[in-house]
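Participant: Structure below; questions to follow.
The values are calculated or read from the model by the stated rules, or taken from the named source; none is laboratory data. On a predicted model such as this, the values are computed, not experimentally measured, just so you know. Neighbour counts run over all protein chains shown; Cβ positions are idealised from the backbone, glycine included. Accessible surface is based on the protein model in full, side chains and every heavy atom, while ligands, DNA and RNA are left aside. Shrake-Rupley method; radii C 1.70, N 1.55, O 1.52, S 1.80 Å.
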Amino acid sequence: MDRAAAVPLAELLDERRYLLDVACWMLGSAGAAEHVVDETYRRWYGLPDAARGRIEVPRSWLAKTAGGICLGRLTGPGRLDDTPGTAGSADRLRNAGRPATTLLVDAAGHGVHVRRPQPVTAYRHDVLARAVRDACAAQDAGLLVSLLAPDATALFDGGGKVRALARPVHGRRQVAASLLGLLALRPRTTLTAHSVNGRTGLVARYDHQVAAVISLTVTDRRITCVLIVLNPDKLRSWNRAPGSPR
């Protein structure tokens, strides 16, 4: 699923919840189900790009793989690689949950040149961030493209735990397409401006739970880099109830 048009956020979350339900039903443990689903996505990202592209219904492949992992756990230890066609793939992405800084380093390896940000006022940054929110809410590709630099880059940090884009997206039109696809406002999905790392960013919620946090880098009055955090582990602090222990 390495295309510029990302899977809608609501679909990503429904898919993960479905896999968790399947694994929990089979194993009877929410904690074990989390491990199974994490392993399922590691196997998904362990496939070669061409092999992933040939899978017509990813949810079916993921459900079958999760079921195979559960059966392996139920029938004995050391059976996590018994799903057909995925032997050894669990070892390929053990570091899938990398922090955002490592994402930027990885982007450089794919030819991404993130320019050093020039000073921009907080007001200007806020205006641009809110304009991005409005463009995504209206699914206005023309407006969104106009806010992005020609060499804009989008980085998706799914941590190997959701079926997000695995590679950086380059170019203003491709970045706009990926954002509009991901942030299509399906029922029960909202998008708001919110402080992210000290500057205005965007927070997407699904069923009142934070599902994505988006930070923006602005250079020369245009957005040059968009970092979308989708990793459920990194979003837990956003979803804690006020006053709950950290």
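Participant: Counting only residues that are modelled with pLDDT of 95 or more and either at positive phi or in contact with a Cys (Cβ under 8 Å, 6 or more places away or on another chain) (or both), how many does region 115-151 have?
Facilitator: 1
Participant: Please name all residue pairs, on different chains or six or more residues apart, with Cβ atoms under 6 Å, provided the first residue is in region 208-231 and is in contact (Cβ under 8 Å) with a residue 40 or more places away in the chain and closer than 20 Å to residue 16 by Cα and the second residue is open to solvent by less than 20 Å² (accessible area, probe 1.4 Å) and aromatic (Phe, Trp, Tyr).
Facilitator: Correct list of pairs: 228/156.
Participant: Right, something else. Check whether at least one residue in region 214-223 is within 27 Å of residue 34 (Cα to Cα) and at pLDDT below 90, and report yes or no.
Facilitator: no
Participant: Would you check if residue 45 is open to solvent by 20 Å² or more (accessible area, probe 1.4 Å) and under 30 Å from residue 141 (Cα atoms)?
Facilitator: Yes, satisfied.
Participant: Which members of region 10-63 meet the condition of being of a type in the set (A, V, I, L, M) and under 18 Å from the mean Cα position of the chain (by Cα)?
Facilitator: Those that are of a type in the set (A, V, I, L, M) and under 18 Å from the mean Cα position of the chain (by Cα): 10, 12, 13, 19, 20, 37, 47, 62.
Participant: Checking the condition assigned to a loop (DSSP other than H, G, I, E, B) and either under 14 Å from residue 124 (Cα atoms) or in contact with a Lys or Arg (Cβ under 8 Å, 6 or more places away or on another chain) (or both), which residue from 232, 187 passes? Even if it seems obvious, please write down each step before you answer.
Facilitator: Numbers: 187 fails: either under 14 Å from residue 124 (Cα atoms) or in contact with a Lys or Arg (Cβ under 8 Å, 6 or more places away or on another chain) (or both).
Going through 232, 187 in turn, the sole match is 232.
Participant: A further question on this structure: Looking only at region 123-138, filter to residues that are under 19 Å from residue 197 (Cβ atoms) and in contact (Cβ under 8 Å) with a residue 40 or more places away in the chain; which one of those is most open to solvent (accessible area, probe 1.4 Å)?
Facilitator: Within region 123-138, the match that is most open to solvent (accessible area, probe 1.4 Å) is 130.
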